[in-house]
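The values are calculated or read from the model by the stated rules, or taken from the named source; none is laboratory data. Keep in mind the model is a prediction, meaning the values are calculated, not measured. Quick reminder, even Gly has a Cβ in these numbers, built from the backbone with ideal geometry, and neighbours come from all protein chains shown.
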Amino acid sequence: MNDGPSGFDWPALMRVAFQGLGLTPAAFWAMTPTEFLILLGPENGAAPLRRDAFDALLARFPDKRDEDGHDRDG
């Protein structure tokens, strides 16, 4: 893994771009990181927590407050 000063494994990213996605070098270097992530698809990380899922967590694990109304760990 080559994660130089930028923290990116550029050789791996370029392999995915050129071999996996069939991009040209010019297209790869012209694209933004967001555009590249979109091309990788939704499998590149966990999906953000939706509001309905968040509300379900809140219902299942409500905040507990002491008699003064302060949050406390249960």
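Quick one: would you say residue 74 is exposed (fewer than 10 other Cβ atoms within 10 Å of the Cβ) and at pLDDT below 85? Show your work before the answer.
Details: exposed (fewer than 10 other Cβ atoms within 10 Å of the Cβ): yes; at pLDDT below 85: yes.
Yes; evaluated as a whole, the condition is true for this residue.
Given the criteria of a type in the set (Lys, Arg) and modelled with pLDDT of 85 or more, does residue 60 qualify? Lay out the reasoning, then the answer.
Details: of a type in the set (Lys, Arg): yes; modelled with pLDDT of 85 or more: yes.
The answer is yes for residue 60.
Scan the stretch 22-42 and tell me whether some residue there is at pLDDT 90 or above, among the aromatic types (Phe, Trp, Tyr) and exposed (fewer than 11 other Cβ atoms within 10 Å of the Cβ).
yes
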